[in-house]
Amino acid sequence: VLRLVGSALGVASAVQLHRAERQCGGLPGQGIDIRRTHADLSESSVSKEYTLGNGFDAGSFRICYCHGDGPCTEHKDFCQEAGMLTIVDLCEGITCPLVHDQCKTRCDFRTGYCIEPPLPPVDAPMGTECSLSNGAGACFLGQCVEPGQGQQSGQGSQSSAGNSSTATAAVAVTLASCAFDEFECSDRLLTWVVGHEGYQRNAPIYVEVDAMHPGSVPPEDNLFTMVHMRDDGIRGSRVVSAYGIQPQFAMVAISLTGALIAGGALSEIELQLIPVQPASSVWLRGKEPIGFDFSQAVVPVNGTVLSALDDTIEIAAVLTPPHLLRMLIQNVRLPPQGGEGSFDVISFNGSMTVDSTYDIPTFRTPAHVDVAEVAVLNQYKRDATGQFRVEASFGNRLGEWARLYMTLRFSAELPAPLELHIGAESWRFSPLSTVVTRYHVIEAPAQLAFEHLSEMAED
């Protein structure tokens, strides 16, 4: 017995089985016993039972449902899928006491347990092979009959139903219960055909559908139009504005190419981009770190500066897709505090925005290092402190040691690990002699400790 639970199940409803790979409403599959069965008598409209009988082959089957608003005589009438039915042979591999009747068994196929005497045996599964006096047979309802005989007698009503459907096949009628909502797309138009039930007045309907952005800015109004049609006439309509479509560049890259790369320095950056649409100018903004300054910038080739103010610049240039545009922007003041760079780039065709890309990750601007109070003193005339405060009166000589002093200030936080390079082409340094004192705004000066200095050679 198969039990279905649903909504508004029909009194005259029926089910039939399909192979698992076959969809409802079509052919059930070759060699399958469809078990087309009408619902048992019941007053409930939310639960119905269908007596399918026994004798199934093990396997998975698709349950197809006919609402009963038609004769339920053709495969297309069973258009609604009600679920999957999995049949397992629980008696497979089970050994129970033998029965003299070859179409009887003491294995309960519903539980897989043996039925012990004095309880009577049950019918063997329909289709089980048996022997007749004139040859091989098949079990049907506990009797050994000729192959095919039981199937014909057991499906006589289905055969007559099949003949009936053949006689009326010329009239193609779709049951109301098989008129589902349908969605079709044609020429950028989504058509929603409402099924047989329809929708009540003022009932909210929530519709979600994926839509791909156009490949270019819409040449006309960017609107969504909804129209309610019935009998080839318009019954209602609504126009809704869509959000703006802003395409991105196919490629954008900004790099630091100037010789001076310290924070606060005048340097040079390179812009490379591949436009999606033709444009007459390109606009840049250095968003992060704060402090980019394009007010002195110049573009030597492939563009002319139209305007430059603080961290923004607009350059007249010919942008032709899909060709790469490369331009150098010189005399760009780098932000003093340093950090990871982020830019916005927008192209314009006249006054109309065409392509854009935001929050482009770019180069890292080194922090500005302020060097002050620099002093180089030689090794003579030391005082009791051991520092070189007074230079020798006879001057400095080759191959002697000196002491280098400087005060450093960094415009950005520099978390470890980091390297600070101090170089002089003709001088050597002694790492073991290094002393670093950190001066805090509030706290007292603290001398920093270093590891592994003893392992470092003089350089």
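The values are calculated or read from the model by the stated rules, or taken from the named source; none is laboratory data. This structure is a prediction, so every number in the text was calculated from the model and none was measured. We place every Cβ from the backbone using ideal geometry, glycine too, and count neighbours over all the protein chains shown. For accessibility, only protein heavy atoms count, side chains too; no ligands or nucleic acids. Shrake-Rupley method; radii C 1.70, N 1.55, O 1.52, S 1.80 Å.
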>> Exactly one of these conditions fails for G162: (1) more than 30 Å from S342 (Cα to Cα); (2) modelled with pLDDT of 80 or more; (3) not in a loop (DSSP other than H, G, I, E, B). Give me its number.
In response: (2)
> When the stretch 123-137 is examined, which residues are found to be surrounded by 14 or more Cβ atoms within 10 Å (Cβ to Cβ) and under 55 Å from the mean Cα position of the chain (by Cα)?
Replying inline: D123, A124, P125, M126, G127, T128
>> Looking only at the stretch 26-61, how many residues end up being surrounded by 21 or more Cβ atoms within 10 Å (Cβ to Cβ) and outside any loop (DSSP other than H, G, I, E, B)?
In response: 3
>> Just to be sure I understand, how many residues within the stretch 276-309 are surrounded by fewer than 18 Cβ atoms within 10 Å (Cβ to Cβ), over 39 Å from the mean Cα position of the chain (by Cα) and not hydrophobic (A, V, I, L, M, F, W, C)?
In response: 6
>> Tell me the residue from L284, L260, L319, L306 that is closer than 27 Å to R409 by Cα and touching a strand residue (DSSP E or B) at 6+ places or on another chain (Cβ under 7 Å), please.
In response: L260
> Going through the stretch 84-119 one residue at a time, which ones are in a strand (DSSP E or B) and open to solvent by less than 80 Å² (accessible area, probe 1.4 Å)?
Replying inline: L85, I87, K104, T105, C107, C114
> What residue, among those in the stretch 329-380 that are among the aliphatic types (A, V, I, L, M) and open to solvent by 50 Å² or more (accessible area, probe 1.4 Å), is modelled with the highest pLDDT?
Replying inline: M352
> Can you tell me which residues in the stretch 1-19 are open to solvent by less than 30 Å² (accessible area, probe 1.4 Å) and either under 29 Å from T105 (Cβ atoms) or at pLDDT 90 or above (or both)?
Replying inline: L2, L4, S13, A14, V15, Q16, L17, H18
> Taking the stretch 259-284, which residues are of a type outside the set (A, V, I, L, M, F, W, C) and touching a residue at least 60 places away in the same chain (Cβ under 8 Å)?
Replying inline: G263, G264, S267, E268, P275, Q277, P278, S280, S281
